[in-house]
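Structure, as structure tokens:
The values are calculated or read from the model by the stated rules, or taken from the named source; none is laboratory data. Please read all numbers here as calculations on a predicted model, not as lab measurements. Each accessible area value is taken on the protein alone, full model and side chains, heavy atoms only, with ligands, DNA and RNA left out. Shrake-Rupley method; radii C 1.70, N 1.55, O 1.52, S 1.80 Å.
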Amino acid sequence: MPRVAADLQVRVSVGTLRRLARRAGYSWKRTRRSLKARRDAVLFGFFQQEVQALHALEAAGALRVVYVDECRFSRLAPVPYAWQVRGQAPVALPAERGGGGHTVLGLWQAKAPGQPLTSYVLPGALTADLFVAALDEYSQALSGPTVLVLDNASVHRAACVQARHGVWAARGLRLQFLPAYCPELNLIEILWHRCKHYWLTPDDYRTEQTLRDKLD
């Protein structure tokens, strides 16, 4: 029999691998990290109505509703999707965060014409001091009453942030905190999803610099 070379390479397309996985009973789906079970359903419903009321005032020209959050973009990010056995509950992979990367702090007026966005690209993680500096700059340029809708992350509730509430209020800026485990109420999560799953490509993650350039 002819001898097969040890370095023989077989090329298989991604489409073929997908078909083989599906035939073997697997499907491509998101790994579950949902914390919905820990939310307060009553509070969630109340704040749904609260946000709707804010947007009604925004439509009437009484104020601006701006969604605020930060998102980490890293070359060592958690794996959000995986091939899993069809018919079984998704596995829960740990959301461990690697070092390096960049954080984008966004302030998005999601339901206004043109959807104005103010963003800050920061190396590493967002700190309370950087958050204060960003809101100080943002509040100085306001032309009318503005409500920031944001979650209860520790960086948003830090003592140095609370100490600036009065100054920001005098400039027309108020912070509306959402209840815990209710990311659906913060519309900027939609923007982060578009960034990570549609606008960024694998090639953008080649180096820290290519990632930073793309985020900019």
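Of all lysines in the structure, the ones whose alpha carbon falls short of 23 Å from that of residue 29, not counting any fewer than 8 places away in one chain, are 196. Given springs between every Cα pair under 10 Å in a Gaussian network model of the chain, which of 23, 194, 164 has the largest fluctuation? Largest GNM mean-square fluctuation: 23. Translational diffusion of the chain was estimated from the Stokes-Einstein equation, with Rh taken as the Kirkwood radius over Cα pairs; at 10 °C and 1.306 mPa s the coefficient is 78 µm²/s. Compute the helix-to-body angle for 128-140: its Cα long axis versus the longest principal axis of the chain, expressed 0 to 90° and rounded to tens. Here the helix axis deviates by roughly 50 degrees.
Across region 163-175, rounded Karplus estimates of 3J(HN,Hα) from the backbone phi angles (6.51 cos²θ - 1.76 cosθ + 1.60, θ = phi - 60°) give 5, 9, 4, x, 5, 5, 4, 5, 8, x, 10, 10, 9 Hz, Gly and Pro being marked x.
For residue 42, the accessible surface of its heavy atoms amounts to roughly 120 Å² (probe 1.4 Å, protein chains only, rounded to the nearest 10). Between amide H atoms placed 1.01 Å from N, distances below 5 Å from residue 151 occur with 178, all of them 5 or more places distant or on a separate chain.
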